[in-house]
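Asks: Take this structure, written in structure tokens, and hold onto it; I'll ask about it next.
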Amino acid sequence: MDQINAVYQGNFDSLDNIQVSPLSRAYTFSDSIYEVIPFFRGVAIGYNEHLARLQRSANAIDIDVDQSLVSKEVSQLIESCDYENGYVYYQVSRGVDQIRNHIYNNNIEIEYFGYVKNHGFEDQKFKVLVCDDIRWGRCDIKSTSLLANTMMMNQAHQKGCNEIIMHKFGYITEAGASNIFFIYKDKVCTPKLNNNILPGITRSMSIDIFKKNGIGVIEDDFSIDILSQASKIWLTSSTKGMAEIYDIDNLKHCISNENALFKKCKLAFNKSFFNL
Ligand code: PLP
């Protein structure tokens, strides 16, 4: 694999050369938060929004993150690479314990880690498995604790799917690594935010873009059954953009290929998201 540029505790190096302690609380407790910041033609997409969400995640778990350091390192990673389209993965952990202990020491040095990766932003299509949302009660925090997501996504993978749609108490929450939109009765709909959903930057950018283009969006609690009557369903994330779902493994559906409203959404989204 090509060299991946990375930074750990202020030192820029190839990802291969970075070494972390097994007593990092990121490793023992998932006591860490992260962001994935896309860039296209060398320009970060939703930069301020990603940094603001990192700050909110840090506040939620009481890590005193140095925003100016994060901002500087994310920019340096983007500038360091010889490709124009990609993303920066950036993670902040509480630090390294002297010995594993649930109760953290307030004086430990915060760990900052990031790398930059090329990414093509090609259109992707997904087949999904509908499953029970077994995650914890604070999915609004962008924590690295993603065991439930990986369990469910790997179960889905064994059934030939590449994403999941989760529901809690019968209400749609989100996908394993994306938010969900759908068209029902000719209206664009998306689950409204609460503690069970990550407030996706691409989700909020989509809503703004659609509204600016005269397309209303209904944000509400939606029963999972409604998806069987949706004419289009798509996922949003920083690396997927707007990605269509073409099939659902375990739910009868009526997703159609051609949909004028979806086409209008996608055109408006691509133009604005990628600044075309
Ligand atoms: N929901 C989950 C669980 C995610 O992991 C992600 C992205 O990784 C998203 C939603 C989409 O968030 P964003 O648009 O900020 O990338």
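Any read-out appearing in this document is the output of simple, stated calculations on the displayed coordinates, not a laboratory observation. It should be emphasised that the depicted structure is a prediction, and the values quoted were computed from it without experimental measurement. Here the Cβ positions follow ideal geometry from the backbone for every residue, glycine too, while neighbour counts run over all protein chains shown.
Asks: Considering the Cα trace of region 4-46, what is its radius of gyration and what is Dmax, both in angstroms?
Replies: 13.4, 38
Asks: Could you give the Stokes-Einstein D for the chain in µm² per second, using the C-alpha Kirkwood radius, 25 °C, 0.890 mPa s?
Replies: It comes out at roughly 124 µm²/s.
Asks: Using bins 5 angstrom wide from zero, how does P(r) for region 61-194 break down, in % of all Cα pairs?
Replies: Answer for region 61-194: a P(r) of 2, 8, 13, 14, 16, 16, 15, 11, 4, 1, 0, 0 percent.
Asks: Just want the ordering: His157, His50, from fewest to most Cβ atoms lying within 10 Å of their own Cβ.
Replies: If I rank by nearby Cβ atoms, fewest first, I get His157, His50.
Asks: For the chain, what proportion of DSSP beta bridges, expressed in % and rounded to the nearest 5, is antiparallel?
Replies: 75
Asks: Further, regarding this structure: Of the chain, which part is the longest with no trypsin sites (Lys or Arg not before Pro) in a loop (DSSP not H, G, I, E, B) and with at most 14 other C-beta atoms within 10 angstrom?
Replies: Between the exposed loop sites, the longest stretch runs 193-251.
Asks: Name the residue, out of Thr173, Thr28, Thr144, whose mean-square fluctuation peaks in a Gaussian network model built on the chain with Cα pairs under 10 Å.
Replies: In the Gaussian network model the winner is Thr28.
Asks: Say a site is exposed when it is one of the GluC sites (Glu not before Pro), sits in a DSSP loop, and has at most 10 other Cβ atoms within 10 Å; what is then the longest site-free stretch of the chain?
Replies: Longest site-free region, per DSSP loop and neighbour criteria: 123-257.
Asks: Based solely on its DSSP helices, what 222 nm [θ] is calculated for the chain when runs of n ≥ 4 H residues each add -39,500 (n - 2.57) and the sum is averaged over all residues, nearest 500 deg cm²/dmol?
Replies: The per-residue figure over the chain is -8000 deg cm²/dmol.
Asks: Follow-up question, since we're still on this one. Is there a quick way to get the dipole size of the chain? I mean about its Cα centre, with the Cβ of Lys and Arg at +1 and of Asp and Glu at -1; what is the value in debye to the nearest 20?
Replies: 920
Asks: Could you give the length gained on full extension between Leu261 and His157, defined as 0.36 nm per residue of separation minus the Cα-Cα distance, in nm?
Replies: Difference between extended and current length: 34.4 nm.
Asks: So for the pair Tyr246, Asp221, with labels modelled 7 Å out along Cα→Cβ, what separation do we get in nm?
Replies: If labels sit at Tyr246 and Asp221, their model points lie 3.5 nm apart.
Asks: Considering the chain as a Gaussian network with a 10 Å cut-off on Cα pairs, which listed residue, His253, His119, His102, attains the greatest mean-square fluctuation?
Replies: Result for the chain, Cα springs under 10 Å: His102 fluctuates most.
Asks: May I ask for the distance between the Cα centers of region 173-222 and region 22-75, given as a whole number of Å?
Replies: Result: 23 Å between the Cα centres.
Asks: Okay, moving on. Taking neighbour Cβ counts within 10 Å as the exposure measure, how do Trp234, Trp136 sort from fewest upward?
Replies: Trp136, Trp234
Asks: According to a simple spin-label model (label point 7 Å from Cα along Cα-to-Cβ), what is the distance in nm between Asn105 and Asn59?
Replies: It works out to 2.9 nm between the two label points.
Asks: Using only the alpha carbon atoms of region 125-273, find the Kirkwood hydrodynamic radius as the inverse mean reciprocal pair distance, in angstroms to one decimal.
Replies: Answer for region 125-273: a Kirkwood hydrodynamic radius of 15.3 Å.
Asks: Ok, one more. Where does region 193-236 land on Rg/Rh, using Cα atoms and the Kirkwood Rh?
Replies: Ratio value, two decimals: 0.97.
Asks: Something else now. With 17 Å as the cut-off, how large is the P(r) tail for region 5-118, expressed as percent of Cα-Cα pairs?
Replies: 53
Asks: Would you calculate the separation in nanometres between label points at Asp2 and Lys212, each defined as 7 Å from the Cα along the Cα-to-beta-carbon direction?
Replies: 3.0
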